[in-house]
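Undergrad: So that we are looking at the same thing, I have put the structure below in structure tokens.
A short reminder: the numbers here are calculations on the coordinates, not readings from a lab. No experiment lies behind these values; they were computed from the predicted model shown. All Cβ positions, even for glycine, are placed from backbone atoms using ideal geometry, and neighbour counts span all protein chains on display.
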Amino acid sequence: MRRTPLALLAAGLLVSLAACAPSDGTTDGASSQDCAPEGDASRAISVDGEYGALPEIAFEGPLEPQSTQRSVLVEGEGDPAQNGDTVLIEYTVLNGETGDEIASTGFTGANAEQLPIDTAGEQLSGFARLIECSTPGTRVVGVIPPAEGFGEAGVPELGLSGTESLVFVVDVVDVLDAPLDRAEGQAGELPEGFPDVTLAADGEPTIVIPDEEPPAEFDLAVLIAGEGPVVEEGAEVTVHYTGINWNTGEVFDSSWARGAPATFPTSGVIDGFRDALVGQSVGSQVIAIIPPDLGYGPAGGTPDGSIGAEDTIVFVVDILGTR
């Protein structure tokens with residue numbers, strides 16, 4: 001699909017973190033279920049730029065708060081985000097010791113991320129508390145210590161050794177309906193000639209490729225017919241998926257294996273994957289057979305060699321949400 005430094009950060013925010021709960025469950029008199037308070041560290045950060053524009057951020061490091069601090073720069077309107085909500089955000093994150101930028105969505109609207117708020121979980125609790133209580137249209141700046149961020153192990157690939165705080169500037173674009181956990185709806189029939197699909201208890205698919213040559217043309221079948229909103233051309237979608245190479249029988253990508261669904265615009269994926277999504281309803285599960293000309297053939301295959309230039313690929317996709 002796609003992997004960028006931003007996607008790596010998002011994967012860290014959602015999936016791979018441990019030891020990220022607050023050290024004592026409290027922050028300046030506020031419980032871990034409350035939005036983080038303002039403090040000397042968050043007030044020490046200078047942020048230039050209007051809501052919706054790429055911020056210019058300056059501070060003298062290291063910033064070393066004992067717990068997450070949050071200052072509201074622009075107050076939005078509407079219902080505030082609560083624990084358990086999913087928010088659509090733009091952000092820039094810096095190393096709180098060196099001031100180096102770690103990642104940014106760019107604040108153009110094209111790379112906004114959907115992230116869930118889980119203040120009680122083990123996954124970057126400080127970031128959840130930074131966003132909780134914010135309304136759409138809000139810009140906040142926050143400082144998150146390692147104990148409420150990536151923990152003592154840090155994230156070496158992001159330049160974090162485990163001792164540095166994180167500085168976030170976040171624009172809350174919207175508070176969203178939570179995506180589904182898995183496809184749900186009326187089960188359909190698997191057409192003849194398609195790979196066999198079986199589902200685990202949690203919905204993860206196992207795909208078995210037939211012992212025959214792949215079809216020459218794109219083909220699509222609806223395995224579960226959902227009843228939610230229809231995915232429009234260019235819309236952003238949240239999906240769980242597994243991709244398998246028909247020619248080798250090997251799985252080359254799976255959001256299920258990573259432990260979290262993926263969110264991206266339909267314009268940001270290969271043509272065959274886009275064609276499998278557009279026009280389908282949220283809640284649906286589809287299986288798509290994608291020939292090389294609509295997959296990775298035009299690019300000569302994938303850099304890691306898991307898909308060749310003449311390989312046909314198959315995706316089973318649960319469509320969990322769209323906007």
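Undergrad: Please list 3J(HN,Hα) in residue order for the stretch 107-115, calculated via the Karplus relation 6.51 cos²θ - 1.76 cosθ + 1.60 where θ = phi - 60°; whole Hz, with x for glycine and proline.
TA: For the stretch 107-115, the Karplus-derived couplings read 6, 9, x, 6, 10, 4, 10, 9, 9 Hz, x marking Gly and Pro.
Undergrad: Using a cut-off of 9 Å between beta-carbons, work out the net charge of the residues near P136 (Lys and Arg +1, Asp and Glu -1, P136 not included). Could the numbers behind the result be given before it?
TA: Values: positive: none; negative: E77, D79, D174.
Once positives and negatives cancel, what remains is -3.
Undergrad: Going by alpha carbons, how many degrees (0 to 90, nearest 10) lie between the helix axis of 5-14 and the longest principal axis of the chain?
TA: 80 degrees
Undergrad: Separate question: Given a 10 angstrom Cα cut-off, can you work out which residue in G203, G142, G295 is the most mobile in a GNM of the chain?
TA: Comparing G203, G142, G295 in the GNM, the peak value goes to G203.
Undergrad: Charges only on Cβ, +1 for Lys and Arg, -1 for Asp and Glu: so what's the dipole of the chain about the Cα centre, in debye to the nearest 20? Write out the running numbers ahead of the final one.
TA: Details: 10 positive and 54 negative charges, 82 e Å.
Roughly 400 debye for the chain.
Undergrad: What is the sum of charges, Lys and Arg at +1 and Asp and Glu at -1, for the other residues whose Cβ falls under 12 Å from the Cβ of V316? Intermediate values should be presented prior to the final figure.
TA: On the way: positive: R182; negative: D196, E204, D253, D318.
Net charge in that neighbourhood comes out at -3.
Undergrad: Something else about it: Could you give the length gained on full extension between V74 and S161, defined as 0.36 nm per residue of separation minus the Cα-Cα distance, in nm? Don't skip to the end; give the middle numbers.
TA: Values: separation 87, 0.36 × 87 = 31.32 nm, distance 3.19 nm.
Additional length available on full extension: 28.1 nm.
Undergrad: If packing is taken as the average count of other Cβ atoms within 10 Å, what order do 168-177, 264-273 fall into, highest mean first?
TA: Values: 168-177: 21.6, 264-273: 17.6.
Ranking, from highest mean packing down: 168-177, 264-273.
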